[in-house]
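The values are calculated or read from the model by the stated rules, or taken from the named source; none is laboratory data. Bear in mind that the values here come from a model prediction, so they are computed numbers and not experimental data. For neighbour counting, all protein chains shown are included, and Cβ atoms are generated from backbone atoms with ideal geometry for every residue, glycine included. When the accessible area is computed, the model is the full protein with side chains, heavy atoms only, and any ligands, DNA or RNA have been set aside. Shrake-Rupley method; radii C 1.70, N 1.55, O 1.52, S 1.80 Å.
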Amino acid sequence: MLISKKNILECNPPFLMELPNNKWQLVGQITLVGERYSVTIIEKDDGNFTKRIINLDEAPFYVGEDVWELNYGSTLMTLNHKSLDDHPAKQLWQEYLASNK
């Protein structure tokens, strides 16, 4: 049992969203408008970065170690963890930051 819940809005980006089909998405921002959470997905297509917003049907549920569960087997986690240093999403984040300088 968790002693306390961690609010995802208090964590710094980037985030990794893992989907049940073994795919992943880079999340650059999570916001709350009213009672609805939105995530900003960062994608790279033909060398150009694009953003799109996905509205979540639920509040992310904290399970521990900076990991939150969503419906349908998806998870959100911070990319600011040593175990994810080699993940392709980390490289994509670094490229995105460099492109905005």
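Annotations for the structure displayed:
- Within region 12-27, tally of residues that are farther than 21 Å from Y72 by Cα and open to solvent by less than 70 Å² (accessible area, probe 1.4 Å): 2
- Region 71-85, subset free of Cβ contacts under 8 Å to residues at least 24 places away in the same chain and either under 14 Å from F15 (Cα atoms) or touching a strand residue (DSSP E or B) at 6+ places or on another chain (Cβ under 8 Å) (or both), residue surrounded by the most Cβ atoms within 10 Å (Cβ to Cβ): H81
- Checking L92, L32, L9 one by one, the residue that is outside any strand (DSSP E or B), open to solvent by 60 Å² or more (accessible area, probe 1.4 Å), in contact with a Leu (Cβ under 7 Å, 6 or more places away or on another chain) and not charged (D, E, K, R) is L9 and no other.
- Residue that is open to solvent by 70 Å² or more (accessible area, probe 1.4 Å) and within 22 Å of N22 (Cβ to Cβ), where the choices are E43, E65: E65
- Close pairs from region 40-63: first in a strand (DSSP E or B), partner surrounded by fewer than 11 Cβ atoms within 10 Å (Cβ to Cβ) and charged (D, E, K, R), Cβ under 9 Å, at least 6 apart: T40/R52; I41/R52; I42/R52; E43/R52
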